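One structure is given below, encoded as structure tokens.
The values are calculated or read from the model by the stated rules, or taken from the named source; none is laboratory data. Bear in mind that the values here come from a model prediction, so they are computed numbers and not experimental data. Don't worry about glycine lacking a Cβ; one is built from the backbone with ideal geometry, like all the others, and counts go over all protein chains shown. To get the accessible areas, we keep the full protein, side chains included, count just its heavy atoms, and leave off ligands, DNA and RNA. Shrake-Rupley method; radii C 1.70, N 1.55, O 1.52, S 1.80 Å.
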Amino acid sequence: MAIALRTQLREKVRSDIYALTVLPELEGDVLPIHRLSPDVPTSCLVYHSSFGEPQITSLLESRRQKISMIFHNLTPYTYFEEHSARFATGLLWGEHELDRLRDKWDLVVADSAFNAKFLEDRGYRDVKVLPLGVTVDRLEKRKGHLQLER
């Protein structure tokens, strides 16, 4: 979804994808997160949430601008406790991150009504539902005042 969204955004503005871990086959297409300096302003930052990483949480907290979040899902960490403690910890941190950054988001989008309800149950308000396959034009219509500049 991030690549599809970036492709559409690039028709209107400069857009890049950053990740904590970049698979070898995506090198050059996806940039390492350390290249997104907190000192470099961006007009819009979109965060795809589905797992938690303290390093990413800190980076998001350091940004001065509001951030749009696309929420994909957080599987309950208890499903993985016996099988992968590291993965379970990341899922648990993801829940913590949602609570910790609740006021940081300018726009909150869930990819399903189920995921929107998950956020609403955590105190989120005005969650927009845009199923996978989101297009920039649909985001602009939902946000209302989202301005994309070249």
Sparse-neighbourhood loop sites, trypsin sites (Lys or Arg not before Pro) in region 3-35 - DSSP loop, at most 11 other Cβ within 10 angstrom: 14
Cβ charges +1 (Lys, Arg) and -1 (Asp, Glu), total dipole of region 1-124, debye: 480
With every protein chain left in place, what is the accessible area per residue of the chain in square angstrom, probe 1.4 Å? 60
Debye log10 I(q)/I(0) at q = 0.17, 0.26, 0.28, 0.33 Å⁻¹ for region 25-66, Cα point scatterers: -0.53, -1.14, -1.23, -1.32
Cα→Cβ-extended label distance, 7 Å offset, between residue 11 and residue 106, nm: 2.1
If exposed GluC sites (Glu not before Pro) are those in a DSSP loop with at most 13 other Cβ within 10 Å, what is the longest stretch of the chain that has none? 12-81
Here the relative contact order (percent) of the chain, from C-alpha pairs under 8 Å and at least 6 apart, is 23
Which residue, 46, 22, 109, tops the fluctuation ranking in a GNM of the chain built on C-alpha contacts under 10 Å? 22
Using the alpha carbon gyration tensor of the chain, what are the three equivalent-ellipsoid semi-axes (square root of 5 times each eigenvalue), largest first, in whole Å? 24, 20, 15
What spacing in nm lies between the two simple spin-label points modelled at residue 20 and residue 4, each 7 Å away from Cα in the Cβ direction? 2.5
